[in-house]
1. Using r as the Cβ-Cβ distance of D221 and K152, and R0 as 30 Å, what FRET efficiency do you calculate, to the nearest 0.05?
2. Antiparallel versus total DSSP beta bridges in the chain: what percent is that, nearest 5?
3. With 10 angstrom as the radius, rank L4, L84, L109 by how many other C-beta atoms surround their C-beta, starting from the fewest.
4. Taking the Cα centre as origin and putting +1 on Lys and Arg beta-carbons and -1 on Asp and Glu beta-carbons, what dipole magnitude results for the chain, to the nearest 20 debye?
5. Too long at a 28 Å Cα-Cα cut-off: which of K52/K107; K58/K260; K196/K219?
6. Hey, if you put +1 on the Cβ of every Lys and Arg and -1 on every Asp and Glu Cβ in the chain, which of A18, T155, G28 ends up farthest toward the positive end of that dipole?
7. Which of F61, F136 has the fewest other C-beta atoms within 10 Å, and how do the rest follow up to the most?
8. Explain nothing, just the number: dipole magnitude of segment 23-181 about its Cα centre with +1 on each Lys and Arg Cβ and -1 on each Asp and Glu Cβ, in debye rounded to the nearest 20.
Amino acid sequence: MQLLDGKKVSEDIKNEIAVEVQQMKSRGEKVPHLAAVIVGTNGASLTYVGSKVKSCEKVGFESTLVSLPEDTTEEALLAKVKELNADPAIDGYIVQLPLPKHIDEQKILLAIDADKDVDGFHPTNFGRMALEMETFLPATPYGIMELLERYKVETAGKNVVVIGRSHIVGRPMSILLSRKGYPGDATVTLTHSRTKNIAEITREADIIISALGVPYFLKGDMVKEGVTVVDVGITRVPDATNPKGYVIAGDVDFDEVSKKAAFITPVPGGVGPMTIAMLLKNTLLARSRRAK
Ligand code: GUN
């Protein structure tokens, strides 16, 4: 069994980006500038956005954190989005999801300038992804593609089972793996909460991408020998013995499944750090596009 070490690979990618930023600086060019908007005080979201901003500093990017209160109106958030669209200093930005219930998420995502949408959530960019055109790929699926590629996991003609059909992970993942060329060319089955007999489907899989958010869902008897397993789950499970009061649990029963797997991601240290590295890669792309 080989670990798909997202922590290590993401460090490699960040080092590669840092080298490019140094070269930009030495040529006297503007360095990439990422902004992140967060509304409210959701604990997990604050942690993710904090890591994104910290990673910007590490690679030499400029970053701006826009923290808005929970009771921010949709109009006020739309005004902030328009301001970021018009700000020539900002190369790319994200609006951290989920948003408070009183704000229409789709309305906000549609208002983001597609050329600054480094999350790749705007319909224009999602469509470009599906059509195999150059674009910003959504960071989590992009990170998984990069992990598969760097560990040379074969995907052509393989049976891939994606669990979960979210707009952020499952749906784009299923599209990317079915696209032409490596690491795509797979035969993809997209499963979700209404899927029947899921274990029968996962047992046929050469590669399983689980983005369900149900702790320890995937058990040893649901996979075949030699499977590759990518665990996107990051659920906080209460744990009184932990100083934080919780542990981060993946979708995969690692102890059971790792005994049968050829490749498997750990949680934490698998997909999570890759997501941030790919967001930085998209921001670098946004800057170089704008420099042209
Ligand atoms: N919430 C969970 N994952 C993401 C992500 O990749 N981007 C944004 N903006 N929000 C998220």
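All of the numbers you see were taken from the coordinates with simple rules; none came from a lab. Since the model is a prediction, treat every value here as computed from it, not as a measurement. Note: ideal-geometry Cβ built from the backbone for every residue, glycine included; neighbour counts use all protein chains shown.
1. Numbers: r = 28 Å, r/R0 = 0.94.
It comes out at approximately 0.60.
2. 10 percent
3. On the way: L4 25, L84 22, L109 19.
Ranking L4, L84, L109 by Cβ neighbours within 10 Å, fewest first, gives L109, L84, L4.
4. Values: 36 positive and 38 negative charges, 68 e Å.
Using Cβ point charges on Lys, Arg, Asp and Glu, the chain gives about 320 debye.
5. Numbers: K52/K107 24 Å; K58/K260 37 Å; K196/K219 17 Å.
In this structure, K58/K260 exceed 28 Å between Cα atoms.
6. G28
7. Working: F61 22, F136 29.
Sorted ascending by nearby Cβ count, the order is F61, F136.
8. On the way: 19 positive and 21 negative charges, 135 e Å.
Value, rounded to 20: 640 debye.
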